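Chemist: Just passing along the structure, written as structure tokens.
The values are calculated or read from the model by the stated rules, or taken from the named source; none is laboratory data. Just so you know, these numbers come straight off a predicted model, no measurement behind them. Neighbour counts run over all protein chains shown; Cβ positions are idealised from the backbone, glycine included. Ligands, DNA and RNA are stripped out before the accessible areas are found, and what is left, the full protein with its side chains, is counted by its heavy atoms. Shrake-Rupley method; radii C 1.70, N 1.55, O 1.52, S 1.80 Å.
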Amino acid sequence: PDYVVLVTGGRPVTTAYPGAADGVVTSSADALAVPGEGRVLVFDAVGANEGPLVAEALARRGTTVVYVTSCETVMPWGGQLHRYEIPGILRRRCEQVITDGLLGDVDGRHVIVVRPDGDTITELDVDQIVPVVAPRPALELVEVLERLGLPYTIVGDALARRTAMHAFKEGYEAGLTL
């Protein structure tokens, strides 16, 4: 090729929380693959579709779910219909929905949820924590492209976390410049 538009996306990240008991922190995919028991805390640091939809799916199965998002509202980066419908669905299905919250401390299975200023919102014991965090850019091919001397542009989640619509637009604009 004469030019490469690198659209390799991102790789899921399961954030480790120092002090968390073994097996407490799990990915969205793993949480959905194995029926959860007990209380599951879904911590959404992204504000798009994944966190709320995982929380809803787990709650539908009968799992007790506490949904915490660092955003001021549920799903601010979701589609318009999702932003309208999902908060009510979560409030009906989940044990608790907390906005503008952060995981302040994790000790074994005990979690302290705090506001950004450090004020404690709640303390709870959980059996599982499902962190939904920004993916890690997949840039393994950059080294190959540089070694081959090929010019390239990085777009989408390979550049930084963004919505699908932003990634489509970037890819389209990159194609227009060629």
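Chemist: Please compute the per residue accessible area over the chain with all protein chains in place, 1.4 Å probe, rounded to a whole number of Å².
Modeler: On the way: 9890 Å² over 178 residues.
Per-residue accessible area for the chain comes out at 56 Å².
Chemist: Can you pull out the GluC sites (Glu not before Pro) in region 26-86 that DSSP calls coil and that have at most 14 other Cβ atoms within 10 Å?
Modeler: Numbers: sites: 37, 50, 56, 72, 85; in loops: 37, 72.
In loop regions of region 26-86 (DSSP not H, G, I, E or B), the sparsely surrounded GluC sites (Glu not before Pro) are 37, 72.
Chemist: Tell me the trypsin sites (Lys or Arg not before Pro) within region 1-74 that lie in a loop according to DSSP and have at most 16 other beta-carbon atoms within 10 Å.
Modeler: Working: sites: 39, 60, 61; in loops: 61.
Qualifying residues, ordered by number: 61.
Chemist: Then there is this: Report, in whole Å, the centroid distance computed from the Cα atoms of region 50-84 and region 8-45.
Modeler: After rounding, the separation between the Cα centres reads 15 Å.
Chemist: Still on this structure, I have one more. For region 1-107, rounded, prolate or oblate, judged on the Cα gyration tensor with a ≥ b ≥ c (square roots of eigenvalues), a/c < 1.5 rounded, else prolate if a/b > b/c? Could the numbers behind the result be given before it?
Modeler: Numbers: a/c = 1.75, a/b = 1.28, b/c = 1.37.
In terms of gyration-tensor shape, oblate.
Chemist: Can you divide the C-alpha Rg of region 54-123 by 2.2 N^0.38 Å and report the result to two decimal places? Mind dumping the intermediate values first?
Modeler: On the way: Rg = 12.7 Å, N = 70, 2.2 N^0.38 = 11.1 Å.
Against the empirical 2.2 N^0.38 Å value, I get 1.15 for region 54-123.
Chemist: Here's another thing I want to ask about it. Taking the convex hull of the alpha carbon atoms in region 121-178, what volume per residue do you get, in Å³? List each step's numbers first, then the result.
Modeler: Working: hull volume 7.0 nm³, N = 58.
Hull volume normalised by residue count: 120 Å³.
Chemist: Per DSSP H run of at least 4 residues, take -39500 (n - 2.57); add these up for the chain, divide by its residues and hand me the 222 nm value, nearest 500 deg cm²/dmol. Don't jump to the answer; show the numbers that get you there.
Modeler: Working: 5 runs with 53 residues, N = 178.
About -9000 deg cm²/dmol.
Chemist: Count the net charge of all other residues whose Cβ sits under 9 Å from the Cβ of residue 7, scoring Lys and Arg as +1 and Asp and Glu as -1. Mind dumping the intermediate values first?
Modeler: Details: positive: none; negative: 157, 170.
Local net charge: -2.
Chemist: At 7 Å along the Cα-to-beta-carbon direction for both residue 169 and residue 143, put a label point, then send me their distance in nm to one decimal.
Modeler: It is 3.4 nm.
Chemist: Given charges of +1 on the Cβ of Lys and Arg and -1 on the Cβ of Asp and Glu, with all other atoms neutral, how large is the dipole of the chain about its Cα centre, in debye to the nearest 20? Don't skip to the end; give the middle numbers.
Modeler: On the way: 15 positive and 24 negative charges, 104 e Å.
Here the chain has a charge dipole of around 500 debye.
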